[in-house]
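Chemist: Here it is, the structure, as structure tokens.
The values are calculated or read from the model by the stated rules, or taken from the named source; none is laboratory data. Predicted model, so just to flag it, every value in this text is computed and none were measured. Cβ sites come from the backbone with ideal geometry, for glycine too, and all protein chains shown count toward neighbours. Quick note on the areas: whole protein, heavy atoms, side chains included, nothing else; ligands and nucleic acids left out. Shrake-Rupley method; radii C 1.70, N 1.55, O 1.52, S 1.80 Å.
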Amino acid sequence: MEYREEKLKSFRVNRDKFFKEDPHSPLKEADRKKFKGLLYYPINLRYSISGSIERYPTEPKPIYINLPTSKGREKKYVKYGRFRFKWEGKEYVLHIYRPLGGGELFLPFKDKTSGKETHSEGRYLYVETMLGGSESVGTTPVPGTRTEKVLIDFNRAHNPFCEYNEKYTCPFAPGENWLGIEIRAGERRFK
């Protein structure tokens, strides 16, 4: 957590630069020309939460989920695990997914800012692995499951690319990842 605020500021500068200058930016050309930066909530380190992912069993076979998308089709993912956290004295659970065939962990979520201050179908989070690997912090693992120590930082919550350009197909947060609270951290609506 040392230097976390500086890392978040750097993340935002690099993200804005990607949106403005990178040929893979999701912005339409007209939006890139007038782009001055993404809109963010102020950095609040209370939204940087460390804990453990309780892994779902993969034997005899993984658990799958079909996530709705912006194009009306579903996209299949493996249910990787769940992350429990407390916010203002109440416990919440977010489910984490992995694309078929492997790849980075995927955590889409929706909260009470969705559709008002943030993308209507929710935002995405990076799952950052922390040193310490498999110990459990603040949660009791389900028997027969493994745990991984991670950082979930809502300050890095970002909009799906379809917020900026309808040509993208974006998976949305399923009902099991809808939080009944406001997460006033990370990116805000683009327009």
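Chemist: Checking the conditions here, which among SER70, SER10, SER120 is free of Cβ contacts under 8 Å to residues at least 12 places away in the same chain, hydroxyl-bearing (Ser, Thr, Tyr) and more than 30 Å from LYS149 (Cβ to Cβ)?
Modeler: Numbers: SER70 fails: free of Cβ contacts under 8 Å to residues at least 12 places away in the same chain; SER10 fails: more than 30 Å from LYS149 (Cβ to Cβ).
Every option except SER120 fails the conditions.
Chemist: Quickly run through the range 39-51 and pick out the residues that are part of a helix (DSSP H, G or I) and in contact (Cβ under 8 Å) with a residue 40 or more places away in the chain.
Modeler: Residues of the range 39-51 that are part of a helix (DSSP H, G or I), as a first pass: 45-47.
Across the range 39-51, the qualifying residues are LEU45, TYR47.
Chemist: Follow-up. Restricting to the range 39-81, give me the number of residues that are over 27 Å from ARG189 (Cα atoms), open to solvent by 40 Å² or more (accessible area, probe 1.4 Å) and among the aromatic types (Phe, Trp, Tyr).
Modeler: Number satisfying all stated conditions: 1.
Chemist: Here's something else I'd like to know. Any residue in the range 161-176 that is under 27 Å from ARG82 (Cβ atoms) and open to solvent by 50 Å² or more (accessible area, probe 1.4 Å) sitting within a Cβ distance under 8 Å of a residue that is among the basic types (Lys, Arg) and not in a loop (DSSP other than H, G, I, E, B)? List the pairs, counting only those 6 or more apart or interchain.
Modeler: THR169/LYS75
Chemist: Name the residues in the range 10-38 that are surrounded by fewer than 16 Cβ atoms within 10 Å (Cβ to Cβ) and assigned to a loop (DSSP other than H, G, I, E, B), would you?
Modeler: ASP22, PRO23, HIS24, LYS28, LYS34, LYS36, GLY37
Chemist: Right, LEU94: in contact with a helix residue (DSSP H, G or I) (Cβ under 9 Å, 6 or more places away or on another chain), open to solvent by less than 80 Å² (accessible area, probe 1.4 Å), closer than 26 Å to LYS149 by Cα and not in a strand (DSSP E or B) or not? Even if it seems obvious, please write down each step before you answer.
Modeler: Working: in contact with a helix residue (DSSP H, G or I) (Cβ under 9 Å, 6 or more places away or on another chain): yes; open to solvent by less than 80 Å² (accessible area, probe 1.4 Å): yes; closer than 26 Å to LYS149 by Cα: yes; not in a strand (DSSP E or B): no.
No, not satisfied.
Chemist: Still on this structure: Of the numbered conditions (1) touching a Phe, Trp or Tyr at 6+ places or on another chain (Cβ under 8 Å); (2) over 26 Å from GLU182 (Cβ atoms); (3) not polar (S, T, N, Q), PHE109 satisfies every one except a single condition; which is it?
Modeler: Among (1) touching a Phe, Trp or Tyr at 6+ places or on another chain (Cβ under 8 Å); (2) over 26 Å from GLU182 (Cβ atoms); (3) not polar (S, T, N, Q), PHE109 violates only (2).
Chemist: Mind telling me which of the residues PRO42, PRO68, PRO23, PRO60 ends up being under 16 Å from PHE154 (Cβ atoms) and not β-branched (Val, Ile, Thr)?
Modeler: Details: PRO68 fails: under 16 Å from PHE154 (Cβ atoms); PRO23 fails: under 16 Å from PHE154 (Cβ atoms); PRO60 fails: under 16 Å from PHE154 (Cβ atoms).
Every option except PRO42 fails the conditions.
Chemist: Shifting gears a bit: Could we say that VAL78 is in contact with a strand residue (DSSP E or B) (Cβ under 8 Å, 6 or more places away or on another chain), over 23 Å from PHE154 (Cβ atoms), of a type outside the set (Ser, Thr, Tyr) and assigned to a strand (DSSP E or B) here? Reasoning before the result, please.
Modeler: Values: in contact with a strand residue (DSSP E or B) (Cβ under 8 Å, 6 or more places away or on another chain): yes; over 23 Å from PHE154 (Cβ atoms): yes; of a type outside the set (Ser, Thr, Tyr): yes; assigned to a strand (DSSP E or B): yes.
For VAL78, the condition - in contact with a strand residue (DSSP E or B) (Cβ under 8 Å, 6 or more places away or on another chain), over 23 Å from PHE154 (Cβ atoms), of a type outside the set (Ser, Thr, Tyr) and assigned to a strand (DSSP E or B) - is met.
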